[in-house]
2 protein chains.
Amino acid sequence: MTPQHTTPVLKDLNIDNITANTIAINSQGSDARMQYLMERLVTHMHDFARETRLSTKEWMAALNFLVQVGQISSDVRHEFILLSDILGLSLLVDAIDHPKPPGATEGSLLGPFHTHEAESITDGESMSSDPKGEPCIVIGSVKDAQGNPISGVKVDIWETDSTGHYDVQYNERDGPDGRCYMHSDDNGTFWFKAIVPVPYPIPHDGPVGQLLKLLNRHPWRPSHMHFMLEKEGWDHLITAVYLRGDPYETSDAVFGVKESLIVEFTPADQSTAKQYNVAVGTKVLRQDFILVSKEEADALKDKNALEAMASLGRRMKLVDHLPVPDLD
Amino acid sequence: MTPQHTTPVLKDLNIDNITANTIAINSQGSDARMQYLMERLVTHMHDFARETRLSTKEWMAALNFLVQVGQISSDVRHEFILLSDILGLSLLVDAIDHPKPPGATEGSLLGPFHTHEAESITDGESMSSDPKGEPCIVIGSVKDAQGNPISGVKVDIWETDSTGHYDVQYNERDGPDGRCYMHSDDNGTFWFKAIVPVPYPIPHDGPVGQLLKLLNRHPWRPSHMHFMLEKEGWDHLITAVYLRGDPYETSDAVFGVKESLIVEFTPADQSTAKQYNVAVGTKVLRQDFILVSKEEADALKDKNALEAMASLGRRMKLVDHLPVPDLD
């Protein structure tokens, strides 16, 4: 047995020794990654309490808040994702887990509204049935860093209706709407009909909304459309496109906007209208998605992880591209 | 407006700048304490993700775990307190918020089973109706550091039944049992009948139990009886007494045991038996509780807080004995 695995004597624990002892008792298992996660979690959680001199009253209020976050959650509402979103954690985790070399399409956060029930559509079909939305078409392509088309990519797309609500936010609904998935064709392209996205507030009738209010923050997201692209051999891309000039362009409640993801819908000229069989003037978005190979993404992730570990001064190794203590 | 309150431009956020921007947007309100708590929370949460290179899969698993913790919680089961307990946070917060000078009775954690529905009893009454428990009496006194009795202290007491379950753990129950509150008399004393505490596992049929299992930890707490003492002018004392020789004396799943809180129940001699009208040999615990004046506890808390802030190198002041940034 290494010293790390000696069972600690859990008695007379106080402000100064509780952290080391909690870490020690959490280190009896065989999962090195789990142990590292718990060690960092306990360290940060305890440091937080020590640095803020957290009071019993504040601690209780926080735990009651977390109960509420859990209890308002359901199959179609994940309030903990929302909480993670407004605290910048979601954006950060995507940035860590899916690093992008220059030229690749940048990522954005998943948000709480992705579902696995979207239906497959083919080129030219509509993913929104909302008659009040402003019609548009999206002409997409998927390429690698060298500009070669990538076919057979599953593209998941979701957006709100014209009132700023996702299908799952309605108690009564007849199945998925405002969401679909497609596959890029042999030329790496796909196109579909949708509605021009609108800004909307994230759900703020629950505990996350109360927290935003306490922090004097608004709940709005700028107009956007979500995309998720996946194909074996390519790094999973979760992203979104944002409309230029949106009133919330620089104050997204969940920090998703990147300059490279800001787009403009332009009116279809005669040639485009004819090609896609839509009225002249219909709003058109042309969007290229540049994927990163799994290999390149993993190499970049490993490099970033090793640099981060070195800056911590820890002896670590990577297992499945994730750091674990190197005890050998 | 101070520079701290300039609205940040939330765009192009990445691993390196997301934290500062999240803190900036959280600093638009007027509650300085809330801002400080959020600043430390966001910093630690983001550092945790950066230091572990938290993956999207792990992040999602953690958020789903937290949903479960919230959803199993109810009026009579607070799984987030339990989670805080097994991570050492509860013990730590009590130690920070209720520091004890030498000689004072040490604190222990509240745990998830305190309720506000206990009934008042008077000297000599029983707080447990369990016929299978080993009968005992507890003879308590409440004193100040100089040994002067403190009268009129509300003493809240709770323990499990002989099977190791609190009343609230039974779906069908006829009101409170194994819990009561009393007041110390003019001599600072109180006494009651109860049953000798037994070891028990914390509820481990939920997500916290799953986590313990993953960490290869047992869920047991050593035999103990909870006490909470409160009176205006005295620092709130949350504590417990633990039975010497318990098999879990040095491995309490929630870190509550302190040597000074370990007690022995001894058989009543003839004189004691006569005085308290119990059978000779009945188990007796005599326990003094030494309270700290609110003034002394606050002074100690302030001193500890200022030392902690100094070690952080931050310019802070104390408001209501809690640190907030000193922006003047």
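Structure values in brief
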| read-out | value |
| --- | --- |
| Condition broken by residue A:97, with the remaining ones in (1) open to solvent by 50 Å² or more (accessible area, probe 1.4 Å); (2) among the charged types (D, E, K, R); (3) outside the structural domain of residue A:170 (by the TED database) satisfied | (1) |
| Residue match in segment B:308-327 (condition: within 29 Å of residue B:87 (Cβ to Cβ), of a type in the set (Asp, Glu) and not assigned by the TED database to the domain that holds residue B:152) | yes |
| Selected residue (only one of A:110, A:66 is aliphatic (A, V, I, L, M), outside any helix (DSSP H, G or I) and either touching a residue at least 60 places away in the same chain (Cβ under 8 Å) or farther than 26 Å from residue B:297 by Cα (or both)) | A:110 |
| Some residue of segment B:10-33 being under 25 Å from the mean Cα position of the chain (by Cα) and either outside the structural domain of residue B:175 (by the TED database) or open to solvent by 40 Å² or more (accessible area, probe 1.4 Å) (or both) | yes |
| Selection within segment B:80-89 - within 8 Å of another protein chain (Cβ to nearest Cβ) and on the phi < 0 side of the Ramachandran plot | B:80, B:81, B:84, B:87, B:89 |
| Members of segment B:71-94 that are open to solvent by less than 10 Å² (accessible area, probe 1.4 Å), assigned to a loop (DSSP other than H, G, I, E, B) and touching a residue at least 40 places away in the same chain (Cβ under 8 Å) | B:88 |
| Residues of segment A:170-218 that turn out to be charged (D, E, K, R), in contact (Cβ under 8 Å) with a residue 12 or more places away in the chain and farther than 21 Å from residue A:117 by Cα, as a count | 3 |
| The one condition in (1) at pLDDT below 95; (2) within 17 Å of residue A:62 (Cα to Cα); (3) among the hydrophobic types (A, V, I, L, M, F, W, C) that residue B:86 fails to fulfil | (1) |
| Candidate set from segment A:18-48 (those that are within 11 Å of residue A:8 (Cβ to Cβ) and outside any helix (DSSP H, G or I)); member that is farthest from the other protein chains (Cβ to nearest Cβ) | A:27 |
| Residues that are open to solvent by 20 Å² or more (accessible area, probe 1.4 Å) and in contact with an Asp or Glu (Cβ under 7 Å, 6 or more places away or on another chain), drawn from segment A:232-261 | A:236, A:244, A:259, A:260 |
| Top-ranked residue of segment B:90-140 - restricted to ones that are of a type in the set (D, E, K, R) and over 22 Å from residue B:288 (Cβ atoms), ranked as nearest to the other protein chains (Cβ to nearest Cβ) | B:97 |
| Scope segment A:200-216; condition surrounded by 18 or more Cβ atoms within 10 Å (Cβ to Cβ) and either closer than 17 Å to residue A:257 by Cα or among the hydroxyl-bearing types (Ser, Thr, Tyr) (or both); matching residues | A:200, A:202 |
| Residue list for segment A:319-328, restricted to those being in a strand (DSSP E or B) and at the interface with chain B (Cβ under 9 Å from one of its Cβ atoms) | A:322, A:323 |
| All positions within segment B:118-143 that are of a type in the set (Val, Ile, Thr), more than 29 Å from residue B:93 (Cβ to Cβ) and buried (at least 20 other Cβ atoms within 10 Å of the Cβ) | B:137 |
| Some residue of segment B:286-300 being open to solvent by less than 30 Å² (accessible area, probe 1.4 Å), away from chain A (no Cβ under 14 Å), over 25 Å from residue B:97 (Cα atoms) and over 20 Å from the mean Cα position of the chain (by Cα) | no |
| Meets criteria (open to solvent by less than 70 Å² (accessible area, probe 1.4 Å) and out of contact with any Phe, Trp or Tyr (no Cβ under 6 Å at 6 or more places or on another chain)) for residue A:180 | yes |
| Answer from B:160, B:115 - the residue that is free of Cβ contacts under 8 Å to residues at least 60 places away in the same chain, of a type outside the set (Phe, Trp, Tyr) and open to solvent by less than 70 Å² (accessible area, probe 1.4 Å) | B:160 |
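The values are calculated or read from the model by the stated rules, or taken from the named source; none is laboratory data. Values in this document were obtained by computation on a predicted structure and should not be read as measured data. Here the Cβ is made from the backbone with ideal geometry for all residues, glycine too, and neighbour counts use every protein chain on show. Side chains are part of the model used for accessible areas, which takes the heavy atoms of the whole protein and leaves out ligands, DNA and RNA. Shrake-Rupley method; radii C 1.70, N 1.55, O 1.52, S 1.80 Å.
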